[in-house]
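The values are calculated or read from the model by the stated rules, or taken from the named source; none is laboratory data. Everything numeric in this text was worked out from a predicted model, so none of it was measured. Because the Cβ atoms are built from the backbone with ideal geometry, glycine has one as well, and the counts that use them run over all protein chains shown. Ligands, DNA and RNA are excluded from the accessible area calculation, which covers all protein heavy atoms including side chains. Shrake-Rupley method; radii C 1.70, N 1.55, O 1.52, S 1.80 Å.
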Amino acid sequence: KIKSARVIFHQLATLYGVSMEPELVEIFVGTSNWTKSTWDVNTNLLRNTSEAMAAIFGGCNALAVGTHD
């Protein structure tokens, strides 16, 4: 989704006549709070890790990882 957002933003900028490289778009992402379990902290650790890795592989520029408990 992050790579797609970067490409779409570049296409919109091109339509409006703004010359900008897709790599110059700064994308800040964070892990979700609603996917976490109240009772199982170890599951939350794995979920945070998976979400953070997906954001990094997607090409985010900055990442905020929430608490596990």
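Observations on the model:
- Pairwise label distance in nanometres, Ser4 with Met53, each label 7 Å out on the Cα-Cβ vector: 2.2
- Net charge over other residues, Cβ less than 15 angstrom from the Cβ of Ala52 (K, R count +1; D, E count -1): +2
- Choice from Val18, Val29, Val41 with maximal GNM fluctuation in the chain (Cα, 10 Å cutoff): Val18
- Fraction of accessible area attributable to carbon and sulfur, the chain (%, probe 1.4 Å): 64
- Positive minus negative residues near Trp34 (Lys, Arg vs Asp, Glu; Cβ under 12 Å): +1
- Rounded to 10°, Cα long-axis angle of helix 2-15 versus longest principal axis of the chain: 20
- The residues of the chain have, on average, 77 Å² of accessible surface per residue, using a 1.4 Å probe with all protein chains present.
- Mean silhouette area of the chain, derived from the convex hull of its C-alpha atoms and averaged over all directions, reads 4.8 nm².
- Computed from Cα atoms, the angle from the helix 41-58 axis to the main principal axis of the chain rounds to 10 degrees.
- Check: the chain dipole with +1 on Lys, Arg Cβ and -1 on Asp, Glu Cβ, in debye: 160
- Net charge contributed by nearby residues that have their C-beta within less than 14 Å of Ile2 (K/R +1, D/E -1): 0
- Heavy-atom accessible surface of Phe57, to the nearest 10 Å², is about 150 Å², with a 1.4 Å probe and all protein chains retained.
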